[in-house]
1. Out of LEU90, LEU64, I need the residue that is touching a residue at least 40 places away in the same chain (Cβ under 8 Å) and either closer than 19 Å to ASP51 by Cα or touching a Ser or Thr at 6+ places or on another chain (Cβ under 8 Å) (or both). Which one?
2. Got a sec? Which of THR58, THR46 is touching a helix residue (DSSP H, G or I) at 6+ places or on another chain (Cβ under 7 Å) and modelled with pLDDT of 50 or more?
3. Just checking, how many residues over the stretch 8-43 are under 12 Å from the mean Cα position of the chain (by Cα), modelled with pLDDT of 90 or more and either over 21 Å from GLU81 (Cα atoms) or not in a strand (DSSP E or B) (or both)?
4. Looking only at the stretch 46-96, which residues are of a type in the set (Lys, Arg) and under 28 Å from GLY36 (Cβ atoms)?
Amino acid sequence: MWWQRGTDFPFRKRGSLAQWLRCPRVSTRKFRTGRGPMKVSMLVSTCDIKDCPTIYATDRDTLLVQGEVPTDHGLEIPANEGIVEIPMQLLFDLIRKALRDKLV
């Protein structure tokens, strides 16, 4: 997995975190494969009880985000997709961890 290999971290592919955050949306079709159950590892969380906003990494080089489902967003979301709300601090913690572990 990219966080274990270090050199294959997605930010390195684009040159910098800022460039990675600005990159165009990538199609998710390549992630929907029949490779069996995905393996998930917690990256950052706001608590230790697994009942709060959390970001996970998968063995498919993707991220899973756990958060509260907002109901007052006013957006039209396709039936096969969903949105969750997480605190901004969780993303900052993820970036800080990536920098600390020299993954960027």
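The values are calculated or read from the model by the stated rules, or taken from the named source; none is laboratory data. Bear in mind the structure is a predicted one, so any value in this text is a computation, not a measurement. Glycine also receives a Cβ, built like all others from the backbone with ideal geometry; neighbour counts cover every protein chain displayed.
1. Answer to the selection: LEU90.
2. THR46
3. 3
4. LYS50, ARG60
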